[in-house]
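The values are calculated or read from the model by the stated rules, or taken from the named source; none is laboratory data. What you see is a predicted model, and the numbers here were worked out from it, not measured in a lab. As a convention, Cβ positions derive from the backbone with ideal geometry for all residues, glycine included, and neighbour counts pool all protein chains shown.
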Amino acid sequence: MNNSERLALVNGRIVLPDKIVEGQALLLENKKIVGITTIDNIGLETQTLNVGNRLISPGLIDIHTHGALGFDFTDASIDVYNTIAHHQAKQGVTTLLATLTTTPLEILQEALEFCREWMRQDHNGSIIAGVHLEGPYFSLDQKGAQDPNNMRTPDDGSADIFLLYSDCIKIFSYAPELPGAIEFTKRLVEKGIVAAAGHSSALDRHILQAMEAGLSHTIHIWSGQSSTVREGPWRKPGLLEATLTFDDLTAEMISDNRHLPPTLMKLAYKCKGPDKLCVISDSTNGAGLPEGTVVHASGMDFEVSNGVGILLDHTSFAGSTTLINQMIPILTNEVGIPLVEVIRMASLTPAKVIHIDDKKGSISPGKDADIAIFNDDFTAWKVFIGGSLLN
């Protein structure tokens with residue numbers, strides 16, 4: 001399809017934020033969504049694509065993904081970005097954040113420089129809307145698969161370097177209890193970066209202080225999150241309880257049915273709801289590789305095992321190897337969330353978190369024509385990015 005031509009997607013089930021529409025046509029033109037109309041009103045000059053009763057969804061948005069097919073965004077190169085972006089797009093993910101993990105400062109700078117330049121050009125595959133910088137300001141006690149040798153604190157001077165890249169950093173995840181974290185939160189928000197808590201030993205009072213400074217998001221609920229501790233007779237809630245309780249916080253959930261069992265996913269959904277809870281993959285470079293493959297990322301070795309990455313000593317998960325299109329049936333079948341809400345959690349809600357919902361995240365007139373057409377098993381049949389069919 002030429003972007004200047006009008007295309008009608010017909011004979012499909014169109015997923016809107018609150019319902020699924022059948023018996024209508026979705027019109028795309030000039031890289032944008034025109035709207036929904038009846039079949040009779042398409043017009044003879046309009047091309048049509050019969051989608052065979054498949055699901056027509058807004059393109060999925062993954063705001064926390066490290067890599068796939070043996071490649072990691074931290075190892076910035078054209079081949080790395082092309083491979084990951086194309087693989088994600090083939091799964092129906094039309095927008096993502098290149099997520100960088102805790103590595104030496106000079107490597108993070110190189111990756112940020114590369115991503116900044118990448119974003120200035122047009123590429124095939126998922127649109128990389130920016131960087132999610134996961135680290136290096138984390139708690140050693142909640143490090144998970146983060147490399148402890150490269151962890152820092154926000155008051156060590158490195159924050160000045162990171163903030164030079166505020167044009168491409170969309171989310172910065174850190175532990176808000178660390179020295180200098182509250183001032184760092186204020187600086188992030190001033191630069192338009194989403195301040196997110198994660199890999200943290202914080203108590204709820206630390207979270208409240210950070211929220212007053214502008215903290216608005218928490219990463220991968222239950223994973224790398226402190227929970228209630230005892231101080232003498234007193235129970236002190238942690239980041240987990242704050243995430244579940246405070247309505248002003250949005251949250252991410254790895255929904256691969258391995259990081260969290262259905263009961264915990266149900267609790268997260270019950271507490272946060274579909275407009276505050278995002279589906280994320282947290283995919284590592286093991287995504288798309290055969291079972292049992294051992295891969296190396298950010299100074300750590302891990303194995304692809306049953307939909308996740310796991311450290312070789314099996315002490316911690318190392319991200320997921322399941323992408324978010326395959327998390328959709330888990331959330332509908334195992335957790336019992338209505339399909340329209342699951343799609344919203346994987347499209348419009350993350351778009352709102354990173355403030356791109358004016359252009360992306362739902363099938364609405366005037367938004368970018370980023371569309372994923374799914375088979376019943378949520379493999380992607382066709383994907384449009386900016387109105388262009390992905391090859």
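Considering segment 258-279 alone, what residues qualify as being modelled with pLDDT under 95 and surrounded by fewer than 21 Cβ atoms within 10 Å (Cβ to Cβ)?
Kept after step one, since they are modelled with pLDDT under 95, are these residues of segment 258-279: 258-259.
Selection gives ARG258 alone.
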Tell me the residue from ALA111, ALA76, ALA89 that is part of a loop (DSSP other than H, G, I, E, B) and within 21 Å of GLY319 (Cα to Cα), please. ALA76
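So for segment 223-235 (the condition being in a helix (DSSP H, G or I), over 27 Å from ASN325 (Cβ atoms) and at pLDDT 95 or above), does at least one residue qualify?
Pass one, segment 223-235, residues in a helix (DSSP H, G or I): none.
Within segment 223-235 (the criterion being in a helix (DSSP H, G or I), over 27 Å from ASN325 (Cβ atoms) and at pLDDT 95 or above), the answer is no, since none of the residues qualifies.
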Which residue is nearest to the chain's Cα centre (by Cα), if the candidates are limited to segment 336-347 and must be crowded, with 22+ Cβ neighbours inside 10 Å and not small (Gly, Ala, Ser)? MET345
Condition set of a type outside the set (Phe, Trp, Tyr) and part of a loop (DSSP other than H, G, I, E, B), scope segment 208-222, selection surrounded by the fewest Cβ atoms within 10 Å (Cβ to Cβ): answer is GLY214
Does ASP72 qualify as being in the same structural domain as VAL294 (by TED's automatic domain parsing) and without any contact (Cβ under 8 Å) to a residue 40 or more places away in the chain? no
So in segment 1-36, with the set limited to residues that are in contact with a strand residue (DSSP E or B) (Cβ under 7 Å, 6 or more places away or on another chain) and modelled with pLDDT under 95, which one is farthest from ILE371 (Cα to Cα)? GLU5
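Please go through segment 279-297 and give me each residue that is touching a His at 6+ places or on another chain (Cβ under 8 Å) and closer than 27 Å to MET151 by Cβ, ordered by number.
The initial filter retains those residues of segment 279-297 that are touching a His at 6+ places or on another chain (Cβ under 8 Å), namely 280-285, 287-288, 297.
Across segment 279-297, the qualifying residues are ILE280, SER281, ASP282, SER283, THR284, ASN285, ALA287, ALA297.
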Identify, please: which residue in segment 308-335 is without any contact (Cβ under 8 Å) to a residue 60 or more places away in the chain and in a strand (DSSP E or B) and is, among those, surrounded by the most Cβ atoms within 10 Å (Cβ to Cβ)? VAL308
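Only one of these is surrounded by 22 or more Cβ atoms within 10 Å (Cβ to Cβ) and touching a Leu at 6+ places or on another chain (Cβ under 8 Å): GLY70, GLY12. Name it.
Details: GLY70 fails: surrounded by 22 or more Cβ atoms within 10 Å (Cβ to Cβ).
Step by step, each of GLY70, GLY12 is checked, and only GLY12 is surrounded by 22 or more Cβ atoms within 10 Å (Cβ to Cβ) and touching a Leu at 6+ places or on another chain (Cβ under 8 Å).
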Since GLU134 meets every condition but one in (1) within 21 Å of CYS115 (Cα to Cα); (2) acidic (Asp, Glu); (3) without any contact (Cβ under 8 Å) to a residue 40 or more places away in the chain, which condition does it not meet? (3)
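Going through segment 36-46 one residue at a time, which ones are in a loop (DSSP other than H, G, I, E, B) and of a type outside the set (Gly, Ala, Ser)? First the steps, then the outcome.
Step one: list which residues in segment 36-46 are in a loop (DSSP other than H, G, I, E, B), which gives 38, 42-46.
Across segment 36-46, the qualifying residues are THR38, ILE42, LEU44, GLU45, THR46.
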I'd like the residue in segment 348-391 that is of a type in the set (Val, Ile, Thr) and in a helix (DSSP H, G or I) and, out of all such residues, is surrounded by the most Cβ atoms within 10 Å (Cβ to Cβ). THR349
So how many residues does segment 280-307 have that are in a strand (DSSP E or B), surrounded by fewer than 24 Cβ atoms within 10 Å (Cβ to Cβ) and touching a residue at least 60 places away in the same chain (Cβ under 8 Å)? 2
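For PHE302, state whether it is within 29 Å of CYS168 (Cβ to Cβ) and either touching a helix residue (DSSP H, G or I) at 6+ places or on another chain (Cβ under 6 Å) or not hydroxyl-bearing (Ser, Thr, Tyr) (or both).
Numbers: within 29 Å of CYS168 (Cβ to Cβ): yes; either touching a helix residue (DSSP H, G or I) at 6+ places or on another chain (Cβ under 6 Å) or not hydroxyl-bearing (Ser, Thr, Tyr) (or both): yes.
Against the criterion (within 29 Å of CYS168 (Cβ to Cβ) and either touching a helix residue (DSSP H, G or I) at 6+ places or on another chain (Cβ under 6 Å) or not hydroxyl-bearing (Ser, Thr, Tyr) (or both)), PHE302 qualifies.
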Quick one: which residue in LYS352, LYS367 is over 19 Å from the mean Cα position of the chain (by Cα), basic (Lys, Arg) and over 21 Å from THR83 (Cβ atoms)? LYS367
Within segment 1-30, tally of residues that are assigned to a loop (DSSP other than H, G, I, E, B) and over 23 Å from PRO329 (Cβ atoms): 9
Among the residues of segment 187-207, what is the count of those that are in contact with a helix residue (DSSP H, G or I) (Cβ under 7 Å, 6 or more places away or on another chain), under 17 Å from PHE246 (Cα atoms) and not in a loop (DSSP other than H, G, I, E, B)? 6
For a quick check of your reading of the model, give me the residue pairs whose first member lies in segment 147-161 and is part of a helix (DSSP H, G or I), whose second is among the acidic types (Asp, Glu), with beta-carbon atoms closer than 9 Å and at least 6 apart or on different chains. ALA159/GLU183
Quick one: which of ILE63, ILE56, ILE33 is in contact (Cβ under 8 Å) with a residue 60 or more places away in the chain and either touching a His at 6+ places or on another chain (Cβ under 8 Å) or assigned to a helix (DSSP H, G or I) (or both)? ILE63
